[in-house]
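One structure is given here, and the rest of the page talks about it.
The values are calculated or read from the model by the stated rules, or taken from the named source; none is laboratory data. Predicted, not measured: the structure shown is a model, and the values here were computed from it. Glycine gets a Cβ as well: all are built from the backbone with ideal geometry, and neighbour counts include every protein chain shown. For the accessible areas, the whole protein counts, side chains as well, though only heavy atoms, and no ligand, DNA or RNA atoms are used. Shrake-Rupley method; radii C 1.70, N 1.55, O 1.52, S 1.80 Å.
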Amino acid sequence: MVTRTDAPTRREQILKEAARLFAERGFHGVGVDEIGAAVGISGPGLYRHFAGKDAMLAELLVGISGQLLTGAKRRLAEADGDRVPSAVLDSLIEGHIDFALDDRPLITLHDRELDRLRESDRKLVRQLQRQYVELWVEVLREVYPTLPEPAARSAVHSVFGLLNSTPHLGRPGSLPGRGATAVLLHRMARGAFEAAADGG
């Protein structure tokens, strides 16, 4: 979930295992004891880090939406000095592919459990996601200036659907390898945007 060079914190370990277990068995199919056992602490020990499972779910779903937006803004900032729109679009696609390949349980979790969040957390997730989409729309229209804004927004949502299909691509080991899969997804995303622009 977070790209780090140092060891993950206990809190991050808990979140990673919670995401995996929630994705595999559903939010209500997992107890705090099981999450604790997965990271080598007692179930009650989890309460030193989180108020409960609901808090873990909220941090996972709000957290990944925030991380995607922050990462996209960083990629834009890095390109600002010598901004080539098509290169920026490629960078955004690469960032989302990293998420889609490395955080597959979070995609499953979002699809299944978003409605379990408190209304305030769910609204925050949606707000962060809208900002993320609009950032992509802006870049996409720089690459394809004749693409109308509604069509650009639809194209972005469609490409997210394509990239976020990774949990359905088969069991680990059945894919051609991370590098080859990333290249394929990137080519398909750019092809989808090209098709949208041709239709616009």
I'd like to know if the stretch 92-106 contains one or more residues that are within 15 Å of the chain's Cα centre (by Cα), open to solvent by 10 Å² or more (accessible area, probe 1.4 Å) and closer than 27 Å to residue 198 by Cβ. yes
Does the stretch 139-147 contain at least one residue that is out of contact with any Lys or Arg (no Cβ under 9 Å at 6 or more places or on another chain), among the β-branched types (Val, Ile, Thr) and open to solvent by 60 Å² or more (accessible area, probe 1.4 Å)? yes
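If you scan the stretch 107-128, which residues turn out to be surrounded by fewer than 17 Cβ atoms within 10 Å (Cβ to Cβ) and polar (S, T, N, Q)? Write out each step before concluding.
Of all residues in the stretch 107-128, those surrounded by fewer than 17 Cβ atoms within 10 Å (Cβ to Cβ) come to 111-112, 114-115, 118-120, 122-123, 126-127.
120, 127, listed by residue number.
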Which residues, taken from the stretch 60-70, are crowded, with 19+ Cβ neighbours inside 10 Å and either without any contact (Cβ under 8 Å) to a residue 60 or more places away in the chain or in contact with a strand residue (DSSP E or B) (Cβ under 9 Å, 6 or more places away or on another chain) (or both)? 60
